[in-house]
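Trainee: Mind having a look at this structure? Questions to follow.
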Ligand code: HPA
């Protein structure tokens, strides 16, 4: 058997979802990736239809505790949304192409705009646990890219421009939603260990405001496919060395749960504004 290309894998998944969800897929306006502790938002979706990742051909299934794994399609404030509740990470051993297959599938189905959420450690002096940071840019320090390999034109240009990975329009819409949002640069690392204090000092020197283990692969893949992308970090802790206490995964998940209501309100308002503002030609 010859090896399937990424385009073939994505198209197979898209065909399956089209058959399973019918006309619902044609009215999707926003794709949402819900990070650690942020899955509760999926319960806000009205007229929900859930499809476990495990049922979608070719979609990898997350193993990490607290990450579940299902696609929830429905509406929020009257706007069609597709929530990826749970995501797979490079640190589980997945390849970059696996990590982005679900968002590529949604983009292939015609979803114009995406909001990538994550839990992150705060590096900038003015960030505290519980804050929300809207991404203005990122540092991909994972050492990988979903675009490595033979060029597949359906997934974007060979050498995609990355001047504006995070859409200024979506950032403005988010800023107008009323939540306290700090703009900042997200450093995406491989994990799964948290950073050493020396690494955090290095990241600060490189211009990072927050650090996490996700988001950059999805943002690169979606940008290459011409999607409108926004990124939102929930600062669950101060990064190692900035915080006087060692980091604990349980605390990261608990902080995510605590801030979930602020995030839910923000995303609901974003949907409302997307519904009023109309779609772009992304
Ligand atoms: N570092 C990396 N990833 C994270 C952190 C952190 O401090 N907090 C939540 N995710």
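Trainee: Can you pull out the residues in region 223-251 that are within 12 Å of the ligand (Cβ to nearest atom) and either under 26 Å from residue 30 (Cα atoms) or assigned to a strand (DSSP E or B) (or both)?
Mentor: Hits for region 223-251 are 233, 234, 235, 236, 237, 238, 240, 243.
Trainee: On the given criteria, is residue 207 in contact (Cβ under 8 Å) with a residue 12 or more places away in the chain and within 9 Å of the ligand (Cβ to nearest atom)?
Mentor: In short, no.
Trainee: What about residue 166, is it assigned to a loop (DSSP other than H, G, I, E, B) and within 13 Å of the ligand (Cβ to nearest atom)?
Mentor: So residue 166 does not fit the description; no.
Trainee: Right, another one. Do you know which of the residues in region 31-62 that are surrounded by 15 or more Cβ atoms within 10 Å (Cβ to Cβ) and out of contact with any strand residue (DSSP E or B) (no Cβ under 9 Å at 6 or more places or on another chain) is modelled with the lowest pLDDT?
Mentor: Ranking the qualifying residues of region 31-62, first place goes to 62.
Trainee: Inside region 129-158, can you point out the residues that are in a loop (DSSP other than H, G, I, E, B), within 13 Å of the ligand (Cβ to nearest atom) and under 29 Å from residue 42 (Cα atoms)?
Mentor: 129, 130, 131, 142
Trainee: Could we say that residue 140 is under 26 Å from residue 81 (Cα atoms), buried (at least 16 other Cβ atoms within 10 Å of the Cβ) and either at pLDDT below 95 or in contact with a helix residue (DSSP H, G or I) (Cβ under 6 Å, 6 or more places away or on another chain) (or both) here?
Mentor: Working: under 26 Å from residue 81 (Cα atoms): no; buried (at least 16 other Cβ atoms within 10 Å of the Cβ): yes; either at pLDDT below 95 or in contact with a helix residue (DSSP H, G or I) (Cβ under 6 Å, 6 or more places away or on another chain) (or both): yes.
Against the criterion (under 26 Å from residue 81 (Cα atoms), buried (at least 16 other Cβ atoms within 10 Å of the Cβ) and either at pLDDT below 95 or in contact with a helix residue (DSSP H, G or I) (Cβ under 6 Å, 6 or more places away or on another chain) (or both)), residue 140 does not qualify.
Trainee: Being in a strand (DSSP E or B) and surrounded by 16 or more Cβ atoms within 10 Å (Cβ to Cβ) is the filter here; which residues of region 172-202 pass it?
Mentor: Passing the criteria: 181, 182, 184, 185, 186, 187, 188.
Trainee: Looking only at region 90-126, how many residues end up being assigned to a loop (DSSP other than H, G, I, E, B), buried (at least 24 other Cβ atoms within 10 Å of the Cβ) and within 16 Å of the ligand (Cβ to nearest atom)?
Mentor: Count: 1.
Trainee: A further question on this structure: Which condition number does residue 278 fail, the rest of (1) more than 16 Å from the ligand (Cβ to nearest atom); (2) modelled with pLDDT of 85 or more being met?
Mentor: Status for residue 278: all satisfied but (2).
Trainee: When region 44-59 is examined, which residues are found to be outside any strand (DSSP E or B) and in contact with a helix residue (DSSP H, G or I) (Cβ under 9 Å, 6 or more places away or on another chain)? Please lay out each step first, then the result.
Mentor: First, pick out the residues of region 44-59 that are outside any strand (DSSP E or B): 44-45, 53-59.
Scanning region 44-59 gives 44, 53, 55, 56, 57, 58, 59.
The values are calculated or read from the model by the stated rules, or taken from the named source; none is laboratory data. What you are looking at is a predicted structure, and each value in this text was computed from that prediction instead of being measured. No Cβ is skipped: glycine too gets one built from the backbone with ideal geometry, and neighbour counts run over all protein chains shown.
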